[in-house]
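Structure first, then comments.
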Amino acid sequence: MKALLPLLALFWRERRDALLGGAALAALTTLAGAALLGLSGWFITATALAGGAGALGFDVFRPAAGIRLLALVRTAGRYGERLVTHDATLALLAALRERLFRGWAAPGAARHLLARPARLLFRLTADVDALDGLYLRLLVPAGAALAVALATGLALGLLHPALGAGMLALLLGAGLLVPLRAARAGARPARRRALATEALRARAIDLLSGQPELLMAGRLPAQHAATLRAEARLAAAEDTAHRIETQAGLGFALAGTAALCGTLLAVGALAEAGRITAPQAALALLLALAALEPFGALRRGAVELGRTLLAARRLAPRLAPAAPPAPLPLPATGEALRLESVTAGHEGAAHPALRGISLRVARGEHVAVIGASGAGKSTLLALVAGELAPWEGQVAALPATLLTQRTELFQDTLRGNLLLADPTADDARLWRALADAGLAAHVATLPEGLEARLGEGGAGLSGGQSRRLALARLLLRGAPLWLLDEPTEGMDGALAADVLARLAARAEGASLLICTHLRREAALADRLLLLEEGRLVGEHRRGEAGFAAALAALRPG
């Protein structure tokens, strides 16, 4: 339950007035419904008993007006409660997603998500959606049910103190015990259902999107069978949860029957003793009939509590505002980058990816780190970019910008994608960056120009155009240190040559650290560093015999 505290604190800070208003409207609506039923029973019984000459002195106007008022209050309250509570819930979930995005924007978080990209989708959809039940299916119904229980106990207590106290004890006992038992019994099935849902989604996506790979590897039948097993586990968990919810409904029905029977015996004895009238007895019976109904709304929320707690435990660590990462210290004058005996690795790794790396890059120098895949090149760039903290040693660097192998574009306008690099850039700077990247001519042909919208992942641009847009962002950023991670991987020769020529033209005065295993990219460098199994094992400067030999050993691209 401790995992719920950060969520409740967030709810309270973000929409306190709306949450309290929604709960108050829910309580008012439920109270109006119970009072309407009780008053109607009293009025009908009293009218029937008045009869004949007594009817002339019976006041029908005030009870009738009260009934109409309660009916209007219940209708308006129900509408207002749905409007306010759902608006507050949607606003809370939006604030929660915004907070989670900020949490996942911390250094290193993106790499974890890329390893399992479905995790972010599940956290932002299924887990966040599971939390709407915390307010709508638990807090609001619990508040309304408690209000009805207290009001019913008070009303019946005015007829007889023992009747009111007994009814209040029964309502609170049964109304809380049944949901608690349902929550305990449903905790494991709810968690199993959540995990099975995620497994089914992930395996179905893999089955659909990875059919060619699975077919070539001979794993298509196995993936299909795994998807069916996940579906079977989900069906079993849902069946168990439905049975528990049905049992909770039976418990409320039995408690309601007990309350009604007990009230009937009590009012019968009180009426026989002349302590209450027949209309008052009808009022008491109908109040007892309506009193347990609000508690029934807790069934679904109680059964889903295990799912809610699981989602809260998953999301709570990302809700605390993360302290902004401290910038890397600046290197000595004349240097762009300095690493001193650095050992580093990724979180949870048993062994470091880099061991005892010492490296200096002068201002304006172009350095290429070459080596096979898995040698530690991307880890080195992550260190210099500030996305990874060293296990040992020190890293000092000028402000840097990173151009990765993968082009990350967003479903936004061209202007919006460019302004990620510099939100203060005006149109002249944006067009100049596009021109330097070789994309201005294409953008000029678009009717919307910079306002042209891209689809998901940059849809609307070809692969080469997307790469040029990423290059424009790099140039727009204007950082003194450029970090390039195989910037032309996957490009054809002509496109790669054009991109590299534009990089070289704009790189004058900037410091470059290029991690690559392609000859065409390493040719931009003044110095080559050979990285093997996390260690620097060789160095060659332009003009030396080893430089040409090292270049010749690389893949042309």
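Within region 323-346, is there a residue that is within 30 Å of Ala241 (Cβ to Cβ) and not basic (Lys, Arg)? No: region 323-346 contains no residue that is within 30 Å of Ala241 (Cβ to Cβ) and not basic (Lys, Arg). The residue that is surrounded by the fewest Cβ atoms within 10 Å (Cβ to Cβ), counting only those in region 341-373 that are in contact with a Pro (Cβ under 7 Å, 6 or more places away or on another chain) and of a type outside the set (Ser, Thr, Tyr), is Gly345. Taking region 454-467 as the range and being surrounded by 15 or more Cβ atoms within 10 Å (Cβ to Cβ) and either aromatic (Phe, Trp, Tyr) or outside any loop (DSSP other than H, G, I, E, B) (or both) as the test, the residues that pass are Gly458, Gly464, Gln465, Ser466, Arg467. Report the residue count in region 521-550 for those that are of a type in the set (A, V, I, L, M, F, W, C), more than 20 Å from Ser511 (Cβ to Cβ) and more than 45 Å from the chain's Cα centre (by Cα). Total satisfying the criteria: 4. On inspection, Ala470 does not qualify as assigned to a strand (DSSP E or B), of a type in the set (A, V, I, L, M, F, W, C) and at pLDDT 85 or above. The condition of being within 24 Å of Asn417 (Cα to Cα) and either modelled with pLDDT of 85 or more or surrounded by fewer than 16 Cβ atoms within 10 Å (Cβ to Cβ) (or both) does not hold for Arg527.
I'm checking my understanding of the structure. Among residues of region 542-556 that are of a type in the set (A, V, I, L, M, F, W, C) and not in a helix (DSSP H, G or I), which one is surrounded by the fewest Cβ atoms within 10 Å (Cβ to Cβ)?
Ala553
If you filter region 207-238 down to residues that are touching a residue at least 40 places away in the same chain (Cβ under 8 Å) and buried (at least 18 other Cβ atoms within 10 Å of the Cβ), you find that the one that is nearest to Leu124 (Cα to Cα) is Leu234.
Would you say Ala281 is more than 30 Å from Ala312 (Cβ to Cβ), in contact (Cβ under 8 Å) with a residue 12 or more places away in the chain and either among the β-branched types (Val, Ile, Thr) or part of a helix (DSSP H, G or I) (or both)? It is true that Ala281 is more than 30 Å from Ala312 (Cβ to Cβ), in contact (Cβ under 8 Å) with a residue 12 or more places away in the chain and either among the β-branched types (Val, Ile, Thr) or part of a helix (DSSP H, G or I) (or both). Condition first: under 26 Å from the mean Cα position of the chain (by Cα), on the phi < 0 side of the Ramachandran plot and of a type in the set (Val, Ile, Thr). Can you find one or more residues in region 170-181 that meet it? There is no residue in region 170-181 that is under 26 Å from the mean Cα position of the chain (by Cα), on the phi < 0 side of the Ramachandran plot and of a type in the set (Val, Ile, Thr). Counting only residues that are in a helix (DSSP H, G or I) and either under 48 Å from the mean Cα position of the chain (by Cα) or not charged (D, E, K, R) (or both), region 260-278 holds 13 of them.
Per the conditions (1) assigned to a loop (DSSP other than H, G, I, E, B); (2) modelled with pLDDT of 85 or more; (3) over 30 Å from Glu335 (Cα atoms); (4) in contact with a strand residue (DSSP E or B) (Cβ under 9 Å, 6 or more places away or on another chain), the sole criterion not satisfied by Leu450 is (1). The C-beta contact set for region 500-513 (first residue among the basic types (Lys, Arg), second residue part of a helix (DSSP H, G or I), distance under 7 angstrom, 6+ apart or interchain) comprises Arg502/Asp436; Arg502/Ala437; Arg502/Leu471; Arg506/Asp436; Arg506/Leu475. Restricting Gly416, Gly386, Gly393, Gly356 to those that are at pLDDT below 85 and either of a type in the set (S, T, N, Q) or assigned by TED's automatic domain parsing to the domain that holds Trp482 (or both) reduces the list to Gly386. Here the strands (runs of 3 or more DSSP E) wholly within region 476-541 that include at least 1 residues being among the aliphatic types (A, V, I, L, M) and touching a helix residue (DSSP H, G or I) at 6+ places or on another chain (Cβ under 8 Å) are 481-485, 511-516, 527-532. Among the residues of this structure, Leu495 does not count as one that is at pLDDT 85 or above and either under 30 Å from Leu439 (Cβ atoms) or surrounded by 15 or more Cβ atoms within 10 Å (Cβ to Cβ) (or both).
If a residue must be part of a strand (DSSP E or B) and closer than 23 Å to Leu398 by Cβ, how many such residues does region 334-355 contain? Residues flagged as part of a strand (DSSP E or B) and closer than 23 Å to Leu398 by Cβ within region 334-355 amount to 11. Thr257 passes every criterion in (1) polar (S, T, N, Q); (2) within 16 Å of Pro189 (Cβ to Cβ); (3) over 34 Å from the mean Cα position of the chain (by Cα) apart from (2).
Residues in region 398-426 that are closer than 29 Å to Lys377 by Cα and in a strand (DSSP E or B): Ala400, Thr401, Leu402, Leu403.
For Leu170, the test of being modelled with pLDDT of 85 or more, assigned to a helix (DSSP H, G or I), farther than 30 Å from Gly153 by Cα and in the same structural domain as Thr125 (by TED's automatic domain parsing) is failed.
Checking each residue in region 1-38 for being without any contact (Cβ under 8 Å) to a residue 12 or more places away in the chain and not in a helix (DSSP H, G or I) picks out only Lys2.
Annotation note: of Ala241, Ala269, Ala248, the sole residue that is out of contact with any helix residue (DSSP H, G or I) (no Cβ under 6 Å at 6 or more places or on another chain) and either over 23 Å from Ala32 (Cα atoms) or free of Cβ contacts under 8 Å to residues at least 60 places away in the same chain (or both) is Ala269.
Among the residues examined, Arg477 qualifies as within 36 Å of the chain's Cα centre (by Cα), surrounded by fewer than 21 Cβ atoms within 10 Å (Cβ to Cβ) and modelled with pLDDT of 85 or more. Of these, Ala165, Ala204, which one is of a type in the set (Gly, Ala, Ser), surrounded by fewer than 19 Cβ atoms within 10 Å (Cβ to Cβ) and at pLDDT 90 or above? Exactly one of Ala165, Ala204 is of a type in the set (Gly, Ala, Ser), surrounded by fewer than 19 Cβ atoms within 10 Å (Cβ to Cβ) and at pLDDT 90 or above, namely Ala165.
The values are calculated or read from the model by the stated rules, or taken from the named source; none is laboratory data. Worth saying up front: this structure is predicted, and the values here are computed from it rather than measured. Note that we place each Cβ from the backbone using ideal geometry, even for glycine, and neighbour counts take in every protein chain shown.
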